[in-house]
Amino acid sequence: MTDAYVVGIDMIKFGRFPERSVPDLGAEAALLALDDCGLKIQDMEALYCGNLGQANAMVGQRVLQEIGQTGVPVVNCANACATGATAFREAWMSIKAGIYDVVLAVGVEQMGKGLLGGAGGGKGIPKEGLLGSGTMPAVFAEAGQEHARKYGTSFEQFAKVSVKNHHHSTLNPKAMYQIETPLDTVMNAEMIAYPNTKLMCSVNVDGSAAAVLCSESKARELGLMGRAVKVSASVLTSDPWQERDLVMPDVNTCTRQAATKAYEMAGVGPDDVNLVELHDCFATAEILHYENLGLCKDGEAGRMIDEGESALGGRVPVNVSGGLLSKGHPLGATGIANIYEVSTHLRGEAGKRQVEGARVGLTHVIGLGSACGIHVLEKVS
């Protein structure tokens, strides 16, 4: 099988765009990614599009209506918060399999307001309000509290994640918010679901990101290897069967399994990773995923945030983009936006937030339901 490379990638500045359509947003990112590698839509052999909110609306085809209907196959996918990563993985698989030489992956979303999750439909007695809450702030608050019970993780340690990521966002011109949030400000913000205050919750924004993937032979033919980023691993997992039906979702297992498979596929370990963009949908989630991804031992995540190991300039910078907490979380776009961030560092083009000497990066997203997508990216030259 051939290796697959990212040869063009970009994202729009995340924000609120009520006057624009989903295909319009997706088309902008697609054109930016094509411009990044000097190719045209006519050069693409297939399109893979991730979108959640309009999953039945054939968004990929509507993107092509904006930038050029070339008759290529289009695959639309929806996979909760892993939607963008899934679209990217489908594109990667088509290259690896030798079916295509150059393809386009797009992730796009327009978000509403309010809390994600909840009771949902179905018959019988609902668990909502009786056995906790299915809203995402409550789910990840419960997971954080379980970590605190086991390891003594404090409210302040969870809050420090938000302080770090908001600081990182001040260095990222494409982040929705670019503001400092001191520790006292984070801890005294409106409480949403303890220990997550409002400033410890991800931002509902509109956004899009896109990537052009290429086989090695085609990339060399086109002279695109100079800025190419190798996709060394692409893994997608779901929850395994367990002996009991969990009342609250398991936010850890599918990530741990995906990480193990990704490291094995890429031939690297956690100690080889120079930067990580992980799924900080809530501050509590980032703490959990330090351990789930093997960035530290179980029970050491609190120490890791206290000692600045995950900050820019630390041992393994995490969410230098500002993360979902500050850059924003447009569900269908997040997976590819994370890949854009890591690729930018591996290319040495991240400006003031550049992780110096970065050669290996990891991206991670998790959609409860469940789906976890992990990609390992490597610098070529």
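The values are calculated or read from the model by the stated rules, or taken from the named source; none is laboratory data. Quantities reported herein were computed from a predicted structural model and do not represent experimental measurements. All Cβ positions, even for glycine, are placed from backbone atoms using ideal geometry, and neighbour counts span all protein chains on display.
Just checking, does the stretch 294-304 include any residue being modelled with pLDDT of 95 or more, of a type outside the set (A, V, I, L, M) and outside any loop (DSSP other than H, G, I, E, B)? There is at least one residue in the stretch 294-304 that is modelled with pLDDT of 95 or more, of a type outside the set (A, V, I, L, M) and outside any loop (DSSP other than H, G, I, E, B). Condition check for residue 5 on (1) within 23 Å of residue 174 (Cα to Cα); (2) of a type in the set (Phe, Trp, Tyr); (3) in contact with a Cys (Cβ under 9 Å, 6 or more places away or on another chain): one failure, at (1).
Residue count for the stretch 42-59 under the criterion of being in a helix (DSSP H, G or I) and either of a type outside the set (A, V, I, L, M, F, W, C) or surrounded by fewer than 20 Cβ atoms within 10 Å (Cβ to Cβ) (or both): the result is 2. Return the residue satisfying two criteria in turn: it lies in the stretch 86-136 and is under 29 Å from residue 24 (Cα atoms) and modelled with pLDDT under 95, and of such residues it is surrounded by the most Cβ atoms within 10 Å (Cβ to Cβ). That would be 136. Applying the condition of being crowded, with 24+ Cβ neighbours inside 10 Å and part of a helix (DSSP H, G or I) to the stretch 65-85 and asking which residue is farthest from the chain's Cα centre (by Cα) yields 83. Scan the stretch 178-231 for residues that are outside any strand (DSSP E or B), within 25 Å of residue 339 (Cβ to Cβ) and of a type in the set (Asp, Glu) and the total you get is 2. Of all residue pairs spaced 6 or more apart or on separate chains, those with beta-carbon atoms under 8 Å, a first member in the stretch 180-204 that is without any contact (Cβ under 8 Å) to a residue 24 or more places away in the chain and a second member that is buried (at least 23 other Cβ atoms within 10 Å of the Cβ) and of a type in the set (Gly, Ala, Ser) are 181/162.
For (1) surrounded by fewer than 22 Cβ atoms within 10 Å (Cβ to Cβ); (2) farther than 30 Å from residue 348 by Cα; (3) more than 22 Å from the chain's Cα centre (by Cα); (4) not hydrophobic (A, V, I, L, M, F, W, C), each residue gets a yes or a no:
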{"site": "198", "(1), (2), (3), (4)": "yes, yes, no, yes"}
{"site": "213", "(1), (2), (3), (4)": "no, no, no, no"}
{"site": "225", "(1), (2), (3), (4)": "yes, no, yes, no"}
{"site": "231", "(1), (2), (3), (4)": "no, no, no, no"}
{"site": "238", "(1), (2), (3), (4)": "yes, yes, no, yes"}
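Only one of the numbered conditions (1) assigned to a loop (DSSP other than H, G, I, E, B); (2) modelled with pLDDT of 95 or more is violated by residue 62, and that is (1).
Taking the numbered list (1) farther than 29 Å from residue 177 by Cα; (2) under 17 Å from the mean Cα position of the chain (by Cα) in turn, residue 98 passes all entries but (2). The residues listed here are 57, 46, 29, 33; of these, the one that is in contact with an Asp or Glu (Cβ under 6 Å, 6 or more places away or on another chain) and touching a residue at least 24 places away in the same chain (Cβ under 8 Å) is 33.
Of the residues that make up the stretch 315-337, is at least one in a loop (DSSP other than H, G, I, E, B) and of a type in the set (Val, Ile, Thr)? For the stretch 315-337, residues in a loop (DSSP other than H, G, I, E, B) and of a type in the set (Val, Ile, Thr): present. I'd like the full set of residues that are of a type outside the set (A, V, I, L, M, F, W, C) and surrounded by 24 or more Cβ atoms within 10 Å (Cβ to Cβ), limited to the stretch 337-381. Once the filter is applied, which keeps residues that are of a type outside the set (A, V, I, L, M, F, W, C) and surrounded by 24 or more Cβ atoms within 10 Å (Cβ to Cβ), the stretch 337-381 yields 338, 340, 341, 343, 344, 345, 361, 363, 364, 367, 373, 375.
Which one of these does residue 7 not meet: (1) within 23 Å of residue 176 (Cβ to Cβ); (2) surrounded by 24 or more Cβ atoms within 10 Å (Cβ to Cβ); (3) hydrophobic (A, V, I, L, M, F, W, C)? Condition not satisfied by residue 7: (1). Whether a residue is small (Gly, Ala, Ser), modelled with pLDDT of 95 or more and not in a strand (DSSP E or B) was assessed, and residue 262 passes this test.
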